[in-house]
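Read the structure below first, then the notes.
Every read-out reported here was derived from the displayed coordinates using simple, explicitly stated rules and does not represent laboratory data. These figures come from a predicted structure and were not determined experimentally. So basically every Cβ, Gly included, is an ideal-geometry build from the backbone, and we count neighbours across all protein chains shown.
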Amino acid sequence: MHVTTRLMRHLAFMGLLALYPSTSQAQEPVGATALRIRWESDPPVSGLQAVCGRVFNDGPVDARRVRVRVEGLDERGGVTGRRDGDVGQVWSRSIGRFCLTMSAGAATYRVTIVGADWVAGPEAP
């Protein structure tokens, strides 16, 4: 491929990236299908409950600063406690792990992805 053509393609690609916001919520269309989560809670110990899981990045773009929220819920679905935590970077087609400690006593938990920064990888030569 001619160098000028490759340079033009690179500049066009970078121009498109400039149009996209650098940060998006995982629930927005950009990342909604790319990130998914699986979690489980361990039995309580000394009044504390560990909620641990994995965030899967099924998309073609790396996600940085992935954040999750664990909410303790009562029998009626009301929030009794909340804790946010960092998963960190989850590479494209990879898995990130998290484990957050909550006060024991919730009837169940809800775990959601609350944020991620999407990072395009370098263009292949």
Two-site FRET efficiency, SER103 against ASP58, from Cβ-Cβ distance with R₀ of 35 Å, rounded to 0.05: 0.60
So which trypsin sites (Lys or Arg not before Pro) in region 31-125 are both in a DSSP loop and have at most 14 other Cβ atoms within 10 Å of their Cβ? ARG76, ARG93
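After finding the eigenvalues of the alpha carbon gyration tensor for region 52-117, what semi-axes result from the square roots of 5 times each, listed largest first in whole Å? It would help to have the intermediate numbers written out before the result.
Values: eigenvalues 134, 20, 17 Å².
Working through the eigenvalues yields semi-axes of 26, 10, 9 Å.
Determine the sum of side-chain charges near LEU100: Lys and Arg each +1, Asp and Glu each -1, restricted to other residues whose C-beta is under 15 angstrom from that of LEU100. Before the final figure, lay out each step's value.
Values: positive: ARG38, ARG54, ARG67, ARG69, ARG82, ARG83, ARG97, ARG110; negative: GLU40, ASP42, GLU71, ASP84, ASP86.
Result for the neighbourhood of LEU100: +3.
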If you stretched the chain out fully between ASP42 and ASP74, how much longer would it get, using 0.36 nm times the residue separation minus the C-alpha to C-alpha distance? 9.8 nm
